[in-house]
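In what follows, a single structure is set out as structure tokens and then discussed.
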Amino acid sequence: MGGLAIWITGLPGSGKSTIADALRKRHPEFMILRMDDIRKIVTPEPSYSDEERDIVYRCLVFVAQELTGLGHSVIIDATGNLRKWRELARDLIPGYIEVYLKCGIETCKERETQRRDTRGAPKDIYAKGEKGWPVPGVNAPYEAPLRPEIVIDAERTSVEEAAGNISGYLLKIQEKKPL
């Protein structure tokens, strides 16, 4: 039986990494696949071009597919600004769960400027976006999910509540599986 893949998506600064870490504390059997870590290997000097993003996101989906196929469960910590990458994961991974962190751009910008631990994410991403860098929500599109399994209001929900909501969903689907 394959593992689960939980893709936590949202704008930069919406809380993806923080919630991924909190979820992993509750479920240590999950591995976290961080886009920023994968990007360092696949594109050590990133251009963030559309072609490069497509390659890196397809790589991320492939790794998640392989790991879940071997029975491991993963949390994908990645903006995934285009729906096509998240839909590819949905098509290829039977145990796919999408979590959308709904958060306004102003809140995301404020959080990003106050962030101390970037967990490998580029620093000052919104300031760079204002200078022309392709940043989702600024000058690159962010396509919100059409049918996520879970939507979290990341402006009003605490990290622990968000992790609890995701854990509750996992418990529900686990109860539905036949023995």
Quickly run through the range 145-177 and pick out the residues that are in contact (Cβ under 8 Å) with a residue 60 or more places away in the chain, farther than 18 Å from residue 30 by Cα and surrounded by fewer than 14 Cβ atoms within 10 Å (Cβ to Cβ).
146
Residue count, the range 67-87, condition under 24 Å from residue 50 (Cα atoms) and in a helix (DSSP H, G or I), comes to 5
Hey, residue 29 surrounded by fewer than 15 Cβ atoms within 10 Å (Cβ to Cβ) and modelled with pLDDT under 95 or not:
no
Which number in (1) part of a helix (DSSP H, G or I); (2) over 25 Å from residue 146 (Cβ atoms); (3) of a type in the set (Lys, Arg) marks the one condition that residue 90 misses?
(2)
Looking at residue 69, is it in contact (Cβ under 8 Å) with a residue 12 or more places away in the chain and crowded, with 20+ Cβ neighbours inside 10 Å?
no
Restricting the range 93-107 to residues that are assigned to a loop (DSSP other than H, G, I, E, B) and of a type outside the set (A, V, I, L, M, F, W, C), which is farthest from residue 16 (Cα to Cα)?
94
Quick check, is residue 112 over 30 Å from residue 2 (Cβ atoms), assigned to a helix (DSSP H, G or I), touching a residue at least 24 places away in the same chain (Cβ under 8 Å) and among the acidic types (Asp, Glu)?
yes
Can you tell me how many residues within the range 1-26 are in a loop (DSSP other than H, G, I, E, B) and either in contact with a helix residue (DSSP H, G or I) (Cβ under 9 Å, 6 or more places away or on another chain) or buried (at least 23 other Cβ atoms within 10 Å of the Cβ) (or both)?
9
Return a yes/no flag: does the range 41-54 have any residue that is of a type in the set (D, E, K, R) and within 27 Å of residue 114 (Cα to Cα).
yes
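Determine if the range 123-141 includes at least one residue that is under 24 Å from residue 29 (Cα atoms) and in a loop (DSSP other than H, G, I, E, B).
No, the range 123-141 has no match at all.
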Just checking, does the range 145-158 include any residue being assigned to a helix (DSSP H, G or I) and on the phi < 0 side of the Ramachandran plot?
no
Within the range 28-54, work out how many residues are under 22 Å from residue 94 (Cα atoms) and either more than 16 Å from the chain's Cα centre (by Cα) or part of a loop (DSSP other than H, G, I, E, B) (or both).
2
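The values are calculated or read from the model by the stated rules, or taken from the named source; none is laboratory data. Since the model is a prediction, treat every value here as computed from it, not as a measurement. Here Cβ is always computed from backbone atoms with ideal geometry, including for glycine, and neighbour counts include all displayed protein chains.
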